[in-house]
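Only one structure is covered here, and it is reproduced in the block below.
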Amino acid sequence: MSFPFLIFGGMNNNPKYILVTGGAGYIGSHTVVALSKRGYIPIIIDDFRNSNRDVLERISALVDQELIHFSISCQNKERLRGVFSQFPIWGIIHFAADKSVSESVENPLKYFDNNMGGLVSILELASEHEVNNFVFSSSCTVYGEPKKIPVDESFPVSHNSPYGYTKKVNEEMIEQFAASQSGFKSTLLRYFNPIGAHESGTLGEEPNGKPDNLLPYITQTAAGIREELTIFGDDYDTPDGTCIRDYIHVVDLAEAHVEAMNQLENPPTPIQVFNIGTGKGTSVLELVKYFEKNTGEKLKYKIGKRRKGDIPAIFANTEKAEKDLRWKSRLTVEDAVIDAWKFEQFIRNKRNRE
Ligand code: UDP
């Protein structure tokens with residue numbers, strides 16, 4: 001493998017290596033692109049349990065660089081230790097985790113094992129190798145069912161599922177670890193609903209099997225892979241009766257990680273928490289309409305029963321991220337549906353060629 005600092009030499013005299021666990025995944029891959037474009041050197045750790053190996057080639061084509069990557073599970077501390085010994089890692093972004101709410105209800109132990117175990121092993125290695133800059137991929141699921149909206153970072157944390165429980169406990173684990181570790185700093189990013197794809201249409205969300213999430217289900221329905229979309233309930237106490245979420249474009253979300261890394265150089269406090277959303281709520285029906293309007297595709301859908309565990313409405317108060325992280329979403333839900341549709345077609349064409 002070639003060492004990118006040789007390639008980068010003249011451009012950046014002191015490039016920082018960032019370990020990105022889950023770097024071939026949906027949010028991870030976009031973040032790797034954003035980090036590379038801003039002069040960081042990402043090191044991708046991914047065992048491809050929920051991602052495709054050819055994502056690496058697509059990332060590499062977008063950033064026009066060779067990538068450093070290792071196919072290792074986050075729980076394989078021995079092999080990961082080799083990576084920590086080989087590179088002077090400056091920071092870590094920890095994405096690698098299981099993320100399906102419904103699967104976590106069926107199989108909570110899988111979530112406790114992977115989401116807790118992966119974090120413990122990464123923090124142990126961070127401690128051993130004195131890597132003090134840590135960004136954690138958290139979720140608005142830690143707000144449970146909030147008493148009012150928009151939610152800000154001071155709201156009480158709670159959980160609605162084993163998956164949500166792992167995120168809540170992971171945040172607390174990082175806080176307690178930081179208190180024990182002089183110099184360790186961490187930023188916890190609570191994502192709202194990431195959607196969309198890279199504007200090139202070559203990176204995006206590639207769920208294994210039937211999608212859980214709304215926009216991939218919409219694009220797969222429009223592509224003829226799914227029969228029709230079921231809207232889970234239209235009898236909620238919202239203007240059109242369907243649930244409201246804060247859909248954040250994945251490219252904006254990726255940028256938030258770069259800002260968080262930049263800020264860890266000199267953060268105001270060792271632990272910081274930010275909501276990463278748009279501050280705007282969109283209903284399920286509105287998202288369907290945006291999709292139809294912006295792609296010209298007619299979507300087949302029906303109204304079904306409520307999905308267990310869904311909360312009626314949530315969206316972010318993003319003032320803290322705007323003020324302290326100097327980050328704000330730039331792209332719209334309409335951009336996201338256009339990009340996601342582009343990606344759906346890219347994937348179809350790719351599969352047809354294979
Ligand atoms: N949803 C839906 N049909 C689907 C998938 C999702 O109506 O096939 C709704 C779901 O009930 C929720 C919203 O879309 O109100 C967003 O769901 P998603 O699973 O994408 O994210 P969540 O907010 O649950 O994490």
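The numbers here are math on the coordinates, done by the rules we state, and not lab data. None of the values given here were measured: they were computed from a predicted structure. Counting neighbours? That spans all protein chains shown, and the Cβs are built from the backbone with ideal geometry, glycine included.
Among the GluC sites (Glu not before Pro) within the range 171-238, those in coil by DSSP and having at most 13 neighbouring Cβ atoms inside 10 Å are Glu227, Glu228.
The mean sequence distance of close C-alpha pairs (under 8 Å, at least 6 residues apart), as a share of the length of the chain, puts its relative contact order at 18 percent.
Over all pairs of different C-alpha atoms in the range 174-237, the reciprocal of the mean inverse distance, the Kirkwood hydrodynamic radius, equals 15.5 Å. Which of Leu109, Leu214, Leu287 ends up with the largest GNM mean-square fluctuation for the chain, with Cα atoms connected below 10 Å? Greatest mean-square fluctuation among the candidates belongs to Leu109. Secondary-structure-derived ellipticity at 222 nm for the chain, considering helices only, amounts to -11500 deg cm²/dmol, per-run term -39500 (n - 2.57) for DSSP H runs with n ≥ 4. If contacts are Cα pairs under 8 angstrom and at least 6 residues apart, what is the relative contact order of the range 263-335 in percent? Result for the range 263-335 is 49 percent.
In summary, the lysines within cross-link reach of Lys289, defined as a Cα separation below 23 angstrom excluding same-chain residues under 8 places away, comprise Lys210, Lys280, Lys298, Lys300, Lys302, Lys305, Lys342.
Please give the contour-minus-distance gain from Ser182 to Glu227: 0.36 nm per residue of separation, less the Cα-Cα distance, rounded to one decimal in nm.
10.7 nm
Charge tally for Lys350 (other residues, Cβ to Cβ under 12 Å; Lys, Arg +1; Asp, Glu -1): -1. Each Lys and Arg adds +1 at its Cβ and each Asp and Glu adds -1 at its Cβ; summed about the Cα centre, the chain shows a dipole of about 340 debye.
Fully extending the segment from Asn262 to Glu297 would add 8.6 nm, taking 0.36 nm per residue of separation and subtracting the current Cα-Cα distance. Given a Förster distance of 51 Å, report the FRET efficiency between Asp237 and Glu66 from their Cβ-Cβ distance, rounded to the nearest 0.05. So the FRET efficiency works out to roughly 0.45. Here is the list for the range 106-195: trypsin sites (Lys or Arg not before Pro) lying in DSSP coil, each with at most 14 other C-beta atoms within 10 angstrom of its C-beta, are Lys147, Lys148. Label separation (Ser85 vs His159): 3.5 nm, computed from points 7 Å beyond Cα along the C-beta direction.
Given a Förster radius of 51 Å and the C-beta distance between Lys289 and Glu172 as r, what FRET efficiency does 1/(1 + (r/R0)^6) yield to the nearest 0.05?
On the way: r = 40 Å, r/R0 = 0.78.
About 0.80, to the nearest 0.05.
Using the number of other C-beta atoms within 10 angstrom as an exposure proxy, rank Ser51, Ser85 with the fewest first.
Ranked by crowding around the Cβ, least crowded first: Ser85, Ser51.
Which one, Gln75, Gln272, Gln65, has the greatest fluctuation when you compute a Gaussian network model over the chain with C-alpha springs under 10 angstrom? Its mean-square fluctuation being the largest, the pick is Gln65. Measuring nothing but alpha carbons in the chain and taking Rh as the Kirkwood radius, the Rg to Rh ratio lands at 0.95. Against the empirical curve 2.2 N^0.38 Å, the C-alpha radius of gyration of the range 182-320 lands at a ratio of 1.21.
Per-residue packing, averaged as other Cβ atoms within 10 Å, sorts the ranges 111-119, 130-138, 92-100 into the order 92-100, 130-138, 111-119, beginning with the highest. Site pair Arg351 and Ser200 shows an inter-label distance of 2.2 nm when each label is modelled 7 Å from Cα along Cα→Cβ. Here's the list of lysines a cross-link from Lys185 could span, going by alpha-carbon distance under 21 Å and ignoring same-chain residues fewer than 8 apart: Lys16, Lys167, Lys168, Lys320, Lys323.
In plain terms, if you count all Cα to Cα distances in the range 1-156 and split them into 5 Å steps from zero, the share in each step is 2, 8, 17, 20, 18, 15, 10, 6, 3, 1, 0 percent.
Given R0 = 25 Å, the distance between the Cβ atoms of Lys110 and Lys305 translates into a calculated FRET efficiency of 0.45. Ranking of Trp341, Trp90 by neighbouring Cβ atoms within 10 Å, starting from the fewest: Trp90, Trp341.
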